[in-house]
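The values are calculated or read from the model by the stated rules, or taken from the named source; none is laboratory data. What you are looking at is a predicted structure, and each value in this text was computed from that prediction instead of being measured. Cβ sites come from the backbone with ideal geometry, for glycine too, and all protein chains shown count toward neighbours. To get the accessible areas, we keep the full protein, side chains included, count just its heavy atoms, and leave off ligands, DNA and RNA. Shrake-Rupley method; radii C 1.70, N 1.55, O 1.52, S 1.80 Å.
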Amino acid sequence: SAIPGTGLNISTTIGEALVLYTETALRWGSDRKIVKLIKESTPNIYEIDNPDDSDRAYPHILAGGHYTFKEGTNIILEYLYNGDGYNSKEWNALKGFIKYSYDEYKTGFLKELMKGNLLQANEIMRFRELRRNYIFARISNSGITEKIDGALVFLLNADDKSFLIYPSMDYKIRGNSTLGLATIIFTGKDDTEFGITHWGSEFSMIYRYFF
């Protein structure tokens, strides 16, 4: 959903290869969904709602830079602060909801209800950055060889130390077609953002033909 806000972007170039930048935005209201345990029973009763804080401003701050070497390798390093991320209490409530629903689903208890809970949790976790502090890094080269280019992305949740790694490579088969290979690897304890991800790591292969 669209959230009103205001922002500022500043960047500078140092020499021919280094660019430094920062982006700051204030957004009024939150789009995160809060999970609350209403009652411990059989089954547990939960409520999922948006916080009523449309008059509160949340800061979103990004600071980083990128450097390009003469042979074409580009390195990006960024820090992201997400003021609308979950605090420890809210995160514990969300992961408790996920663990309870998953454990009960595996036992066969009210499977349709637990499946619905997990689908709601899945939507929450795919929607946005969940926590507040992140480190992003990317190294890429569009001409490793005449036929191969590749990239490696690293995203660290600095709050819980979980991370994901996303290596990718494109191979030019002919002048108008490429074969792309990529995988996403999630790493972290089972109560962290990238460790709790229940769909696991992914691998993809894409063939592209350009007319």
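Quick look at the numbers
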item	result
HN-Hα J in Hz across the range 141-158 - Karplus 6.51, -1.76, 1.60, θ = phi - 60°, x for Gly and Pro	8, 7, x, 4, 9, 4, 10, 10, 10, x, 8, 9, 10, 10, 10, 10, 7, 6
Computed FRET value (nearest 0.05) for Leu77 with Leu110, which takes r as the C-beta separation and R₀ as 30 Å	0.05
Alpha-carbon centroid distance for the pair the range 162-207 / the range 81-150, whole angstrom	15
Stokes-Einstein D for the range 140-211, Kirkwood Rh over Cα pairs, 4 °C, 1.567 mPa s (µm²/s)	95
Inter-label distance, nm, simple model (7 Å from Cα along the C-beta direction), Arg138/Lys36	3.9
GluC sites (Glu not before Pro) restricted to DSSP loop in the range 5-48 with at most 15 other C-beta within 10 Å	Glu16, Glu40
Virtual spin-label span in nm between Leu8 and Met169, 7 Å along Cα→Cβ	4.5
Principal axis dimensions, the chain - Cα atoms, whole angstrom, descending	63, 41, 33
Average Cα contact separation per residue, the range 1-144, under 8 Å, 6 or more apart, as relative contact order %	22
The chain, accessible surface, carbon-and-sulfur percent (1.4 angstrom probe)	57
Neighbour cut-off at most 11 other Cβ (10 Å), DSSP loop, GluC sites (Glu not before Pro), the range 59-128	Glu71
Candidates per trypsin sites (Lys or Arg not before Pro) in the range 170-211, loop by DSSP, up to 15 other Cβ within 10 Å	Lys189
Accessible area in square angstrom per residue, the range 62-155, 1.4 angstrom probe	56
Amide H partners (placed H, <5 Å) of Arg56, local residues excluded	Gly29
Stretch gain in nm, segment Phe210-Ala158, where the contour uses 0.36 nm per residue and the Cα spacing is subtracted	14.7 nm
Relative contact order (%) - criterion: Cα under 8 Å, at least six apart; region: the range 121-211	21
